[in-house]
1. Would you be able to tell me the number of residues in the stretch 40-81 that are small (Gly, Ala, Ser) and modelled with pLDDT of 90 or more?
2. On the basis of being of a type in the set (D, E, K, R), over 29 Å from the mean Cα position of the chain (by Cα) and assigned to a helix (DSSP H, G or I), does GLU30 make the cut?
3. Is it fair to say MET1 is out of contact with any strand residue (DSSP E or B) (no Cβ under 9 Å at 6 or more places or on another chain), outside any helix (DSSP H, G or I) and at pLDDT below 95?
Amino acid sequence: MEELTFEDRIAMEINENKNFWLDKVNFHLEKLLDKVNKSNKLQKKMAIHYYTRNQVSKVKIKQLKEKLKETLISQQEKGKLYFLIDESMIA
């Protein structure tokens, strides 16, 4: 009678307890799948978060551009008025 190798003994044990090993493998695969799904949920949540932050930033930039435009226009008008004041003082 020949001696069984380690691989042969493992194969025999797996064949004898097939349902146990299938359940064990299924449990392991389900844990891996849960981990991947958790990672995907986190990525989706972060994508939504950064999209929202980007939209808020766009609105803020738009408001600041309008304010800057108004400030520049008022500065130009003040410059015109100062020019008129200087001309009237000379005359």
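The values are calculated or read from the model by the stated rules, or taken from the named source; none is laboratory data. Being a predicted model, the structure only gives us computed values, none of them experimental. With ideal geometry, Cβ positions are generated from the backbone for all residues, glycine too; neighbour counts draw on all protein chains shown.
1. Looking only at the stretch 40-81, we keep the residues that are small (Gly, Ala, Ser), and these are 47, 57, 74, 79.
Those left that are additionally modelled with pLDDT of 90 or more: 47, 57.
Count: 2.
2. So GLU30 does not fit the description; no.
3. Spelling it out, MET1 is indeed out of contact with any strand residue (DSSP E or B) (no Cβ under 9 Å at 6 or more places or on another chain), outside any helix (DSSP H, G or I) and at pLDDT below 95.
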